[in-house]
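Asks: What follows is a single structure, and I will ask about it in a moment.
Quick note: the coordinates plus some simple rules give every number you see, no bench work behind them. The shown structure was predicted, so the numbers you read here are calculated from the model rather than taken from an experiment. Methodologically, a virtual Cβ is constructed for each residue, glycine included, from the backbone with ideal geometry; neighbour enumeration extends over all protein chains shown.
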Amino acid sequence: MTTGEVVLRARGLVKRFGAVVAVDGLELELVAGRCLGLLGPNGAGKTTTIEMLEGLKAPDAGEIHVLGLDWRTSAAQIRALIGVQLQATEFQDKLTVFETLRLFRAFYADSRGADEVIAWVGLEEKRGARVGTLSGGQKQRLALATALLNRPRILFLDEPSTGLDPQARRRVWETIEAFKASGGSVLLTTHYMEEAERLADDLAILDHGKVIARGSPRAVIDTLGAESVVEFTPVGGARPEHEAELLTLSGVSAVRHEGERVVLSVTRTQDAIAGLFALCARRKLELEDLRTHRPTLEDVFVSLTGKHLRDE
Amino acid sequence: MSRGRELYELTRVRVLLFLREPEALFWVFVFPLVLAGVLGFAFRSKGIEPARVGLLEGPGADELARALASDEHVELVRFVARAEAEKKLARAALDVLLEPQADGVPQLAYDAHRPEGENARVRVLRALDLAQGRAAAPVTLAPVEETGSRYIDFLFPGLLGMNLMGTGMWGIGFAIADVRRRKFLKRLLVTPMRRSSFFLSFILARAVFLVLELAVLGSFGAWILGVPLRGSVAAFALVSLLGAGAFAGIGILTAARARTIEAVSGLMNVVMMPMWLGSGVFFSYERFPVALQPLLKLLPLTALNDALRGVCLDGSALVELTAPLAILLTWGVLSFALALRIFRWE
Ligand SMILES: Nc1ncnc2c1ncn2[C@@H]1O[C@H](COP(=O)(O)OP(=O)(O)OP(=O)(O)O)[C@@H](O)[C@H]1O
Ligand SMILES: [Mg+2]
């Protein structure tokens, strides 16, 4: 496989459920050896998109090519070449880890050994344990292990680390990174920005079934045009007349409200803070919980959609 | 991947999962035995108890013994010691005690308050009458011969049929609804697994359980309950196989679209209820109105029960069972075909 080759291409994808347009004219490209992250809030259309790419749902419109093959004519061939972790699959509780992998191995002509993938995801101790006795993180790792059995060229992961504790999440990340390092390509959905920032080479931010921003994580964050983000809560509540005044401060490029909090996108942090304090002194404003941080994908997302990636 | 290996592994998993489900094992193997045991005991007919006749030694005792031997329902015990014989009579270990006398008129001692004593008395007197050439009043006797006469003989093939229905429907229907609900089915579908292998694995696993079921229930029925198998073992096996196949098809059909276990179990009850009542498991469907009977005979469980009873009780050969077997085959083929068409993969 040559680098730069497009292993997965979707054009003009549309999927409707009755009146709901879950995916609305989506365009995607996954380049060999890279990880493309689909980032978006609940109901953005991530699962619908990835399931169309996996051949589980037929698109209402649009075209999909996986490794140059079309689902409508070469489904069995494509299935042999991809590995899939669905959002929330439950395996059979009364089978053991090893028995589960043994079953899945039977579907592939060329398969890794069960013990090889068990070691890869670090489930050696649970080899003979029934699936029903595994923790959530161990189940996710089993799901990842089954997805890796057939030496897939492309790995599809729908929220691989949702619901896991930080340590389990890191384990999953390491396995995915190892897969990438071995030359595999990954399509990943997530609503964790840390996950997207760590794993994804390219990002597509989805909302209402459309891509609203794309590029490398750095490039996407830079679209905010901010050096940092400054947020605070004015004592006595935010008043609309302050917004115009805040915007005139040198170094402030955007102002938005989130409940009681005021959030400033700032191009020159020092100037903006100095201006903010001067304004407070003039207006006899008191600020609570003042913070500044480097802009994140979350900030980009909120500034684009007014929504958070995750419902807190 | 080779079809064989895929099919083998899928079937193996189905069998393993079933064997790891203690409740399922109970309902398939233990419950029908308990039911057969309880009902068979409650409705048993006692048959004819022999009259236990004691005979003391004395003049003419041998002639008396010969006379009594003419009645097959007399169980004769001869005594030398009077005390021992009287003790047995007092404890109802004997029903009557016959003692020869010097004058040639034997004495018959018995407890007139026990029906067994009364019965034994009548039998002894009749045997002695006959021996002395006194004919009984002229009556033409016409005993009624019932085939498979005990209730358990009727019941057991019905229970077996009901069990084949239940195992096929619950076993397959629940398993399909469960893999669908878990999205395990969806996970299988993104592998190159052939969809036909998925179906076939349920059928093959069903065939494996069928062998176990027939072995366990059949040997219990034959050896413990003494239910006859008057037809051939091959006919019995083929009828069971067709029955199990028909219900496997109906089981897959009921689970073809249901998304939840509850939906499947509701549907199964609706499908099975008429058969529990109308297919002659516990009592003959001939007790239903005549107008209803042609309909009842079309139900798969009725056909299966008729065929099983035919083989077990009447010793019917397969050719005599064409009608019920054709009904079973039709149910099986149609339900499979329909299930394949409407199956909800997602
Ligand atoms: N089978 C379906 N029937 C009807 N509507 C559906 C169906 N599947 C998805 N939807 C709708 O399509 C939209 C997109 O759903 P989707 O599952 O793709 O979102 P998502 O981005 O994966 O969300 P989440 O982060 O919660 O997993 C939602 O509005 C959802 O309600
Ligand atoms: Mg989703």
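Asks: For the pair residue A:27 and residue A:270, what calculated FRET efficiency results from E = 1/(1 + (r/R0)^6), where r is the Cβ-Cβ distance and R0 = 45 Å, to the nearest 0.05?
Replies: In this case the efficiency is close to 0.65.
Asks: Sticking with this structure for a sec: Taking just the alpha-carbon atoms of segment B:299-346, what radius of gyration and Dmax come out, in angstrom?
Replies: In Å, with Rg to one decimal and Dmax whole: 14.2, 48.
Asks: Hey, another quick one. Output the pairs from A:57/A:126; A:180/B:186; A:180/A:307; A:94/B:186; A:126/A:180 with a Cα-Cα distance over 28 Å in this structure; if there are none, say none. Can you show the working numbers first?
Replies: Details: A:57/A:126 33 Å; A:180/B:186 25 Å; A:180/A:307 31 Å; A:94/B:186 18 Å; A:126/A:180 25 Å.
Result: A:57/A:126; A:180/A:307 exceed 28 Å.
Asks: Another question, then. What percent of all Cα-Cα pairs in segment B:96-142 falls in each 5 Å bin, counting up from 0?
Replies: Per 5 Å bin, starting at 0, the Cα pair percentages come out as 5, 18, 22, 23, 18, 10, 4, 1, 0.
Asks: So, counting K/R as plus one and D/E as minus one, what does the shell of residues with Cβ under 13 Å around residue B:112 add up to?
Replies: -2
Asks: Normalised by the number of residues in segment A:204-312, what is the relative contact order in percent for Cα pairs under 8 Å and 6+ residues apart? Let's see the in-between values first.
Replies: Numbers: 157 pairs, mean separation 34.7, N = 109.
Over segment A:204-312, the number comes to 32 percent.
Asks: If r is the Cβ-Cβ distance from residue B:337 to residue A:5 and R0 is 51 Å, what FRET efficiency results, to the nearest 0.05?
Replies: 0.70
Asks: Let me ask you something else. Along the Cα-to-Cβ line of residue A:208, 7 Å from the Cα, sits a label point; which residues in segment A:44-88 have backbone N less than 14 Å from it?
Replies: Taking a point 7 Å out along Cα→Cβ of residue A:208, the residues of segment A:44-88 whose backbone N falls under 14 Å are A:44-45.
Asks: Follow-up. From the C-alpha coordinates alone, can you work out the Kirkwood hydrodynamic radius of segment B:214-343, in Å?
Replies: For segment B:214-343, the Kirkwood estimate is 15.7 Å.
Asks: Counting only complete DSSP H runs, which helices of chain B cover 20 Å or more along their long axis at the Cα atoms and score a mean Kyte-Doolittle of 1.0 or above?
Replies: Flagged H segments are B:195-219, B:233-254, B:261-278, B:322-342.
Asks: Taking each residue in A:75-88, count the Cβ atoms of any other chain within 10 Å of its Cβ, then average. What number comes out?
Replies: So the per-residue partner count for this stretch is 3.
Asks: Now a separate question. Hey, got the dipole for chain B? About the Cα centre, +1 on K and R Cβ, -1 on D and E Cβ, debye to the nearest 20?
Replies: Using Cβ point charges on Lys, Arg, Asp and Glu, chain B gives about 2660 debye.
Asks: So, one more: Along Cα→Cβ, 7 Å out, is where each label goes; now give me the distance between the ones at residue B:276 and residue A:98 in nm to one decimal.
Replies: 4.2
Asks: Let me ask something additional. From the convex hull of the Cα coordinates of segment A:187-258, what is the mean projected area in square nanometres?
Replies: In nm², the orientation-averaged hull projection of segment A:187-258 is 6.6.
Asks: Looking only at Cα atoms, what is the convex hull volume of segment B:151-302 per residue, in Å³?
Replies: About 122 Å³ per residue, rounded to a whole number.
Asks: Could you give me D for chain A, from Stokes-Einstein at 25 °C and 0.890 mPa s, where the hydrodynamic radius is the Kirkwood radius over C-alpha pairs? Units µm² s⁻¹, please. Could the numbers behind the result be given before it?
Replies: Values: Rh = 21.5 Å.
In µm²/s, the coefficient rounds to 114.
Asks: Ok, one more. For segment A:14-149, taking Cα atoms only, what is the radius of gyration to one decimal and the Dmax to the nearest whole Å?
Replies: 16.8, 48
Asks: So, one more: Within segment A:65-93, whose backbone N sits under 18 Å from a point 7 Å along Cα→Cβ of residue A:109?
Replies: The answer is A:67-70, A:73-83, whose backbone nitrogens lie closer than 18 Å to the label point.
Asks: Which of the GluC sites (Glu not before Pro) across segment A:2-48 are loop residues per DSSP, with 14 or fewer other Cβ within 10 Å?
Replies: A:5
Asks: Place +1 on the Cβ of every Lys and Arg and -1 on the Cβ of every Asp and Glu in segment A:6-216, take the dipole about the Cα centre, and give the residue among A:183, A:100, A:40 whose Cα lies farthest towards its positive end.
Replies: The residue sitting most towards the positive pole is A:100.
Asks: Show me the ranking of peptides A:267-280, B:296-309, A:49-62, A:72-85 by mean Cβ neighbours inside 10 Å, starting with the highest.
Replies: Highest mean packing first, the order is B:296-309, A:49-62, A:72-85, A:267-280.
Asks: Hey, another quick one. Report the local net charge at residue B:83: Lys and Arg +1, Asp and Glu -1, summed over other residues whose C-beta lies under 14 Å from its C-beta.
Replies: 0
Asks: Also, quick follow-up: Which is farthest toward the positive dipole end of chain A among A:82, A:14, A:235, measuring Cα position about the Cα centre, with Cβ charges +1 (Lys, Arg) and -1 (Asp, Glu)?
Replies: So the residue we want is A:82.
Asks: What is the local net charge at residue B:131, summed over the other residues whose Cβ is closer than 11 Å to its Cβ (Lys, Arg +1; Asp, Glu -1)?
Replies: Details: positive: B:66, B:126, B:134; negative: B:63, B:71, B:129.
So the surrounding residues net to 0.
Asks: Now a separate question. For the pair residue B:237 and residue B:130, what calculated FRET efficiency results from E = 1/(1 + (r/R0)^6), where r is the Cβ-Cβ distance and R0 = 35 Å, to the nearest 0.05? Write down the numbers at each step before the final one.
Replies: On the way: r = 50 Å, r/R0 = 1.42.
The computed FRET efficiency comes out at 0.10.
Asks: Another question, if that's okay. How far apart, in nm, are two points set 7 Å out from the Cα along the Cα-to-Cβ line at residue B:84 and at residue A:242?
Replies: Reported label-point gap for residue B:84 and residue A:242 is 11.8 nm.
Asks: To continue, here is another question. Measuring from the lowest to the highest alpha carbon on each principal axis, how far does the protein assembly as shown reach, largest first, in angstroms?
Replies: 146, 58, 52
Asks: Please identify every one of the GluC sites (Glu not before Pro) in segment B:60-123 that sits in a loop by DSSP and has no more than 11 other beta carbons within 10 Å of its own beta carbon.
Replies: Those that pass, being in a loop and sparsely packed, are B:72.
Asks: Restricting to the protein assembly as shown, compute how many DSSP beta bridges are antiparallel as a %, nearest 5.
Replies: Details: 41 of 68 bridges.
For the protein assembly as shown, the DSSP antiparallel bridge percentage is about 60.
Asks: Please compute, over every Cα-Cα pair in segment A:225-294, the percentage with a separation greater than 17 angstrom.
Replies: 31
Asks: Treating the beta-carbon of each Lys and Arg as +1 and of each Asp and Glu as -1, no other charges, what is the dipole magnitude of segment A:106-152 about its Cα centre, to the nearest 20 debye?
Replies: Value, rounded to 20: 180 debye.
Asks: Then there's this: Over chain A, what is the relative contact order in percent, taking alpha-carbon pairs closer than 8 angstrom and at least six residues apart? Working shown, then result.
Replies: Working: 602 pairs, mean separation 61.4, N = 312.
For chain A, the relative contact order is 20 percent.
Asks: Moving on. What does DSSP give for segment B:51-172 in terms of the percent of beta bridges that are antiparallel, rounded to the nearest 5?
Replies: Here the share of antiparallel DSSP bridges comes out near 30 percent.
Asks: Pop out the Kirkwood hydrodynamic radius of chain B from its pairwise C-alpha distances, inverse of mean 1/r, in Å to one decimal.
Replies: Across chain B, the inverse of the average 1/r is 24.3 Å.
Asks: How big is the charge dipole of the protein assembly as shown about its Cα centre, in debye rounded to the nearest 20, if each Lys and Arg gets +1 on its Cβ and each Asp and Glu gets -1 on its Cβ?
Replies: For the protein assembly as shown, the charge dipole is close to 1060 debye.
Asks: Determine the gain in length on full extension of the stretch residue B:39-residue B:73; use 0.36 nm per residue of separation and subtract their C-alpha separation, reporting nm with one decimal.
Replies: 9.4 nm
Asks: Suppose the chain between residue A:88 and residue A:135 were pulled fully straight at 0.36 nm per residue; how much longer would it get relative to their current alpha carbon spacing?
Replies: Numbers: separation 47, 0.36 × 47 = 16.92 nm, distance 1.35 nm.
Answer, rounded to one decimal: 15.6 nm.
Asks: Please work out how much length the chain gains when fully extended from residue B:101 to residue B:151, using 0.36 nm per residue of separation minus the C-alpha to C-alpha distance, in nm with one decimal.
Replies: 13.3 nm
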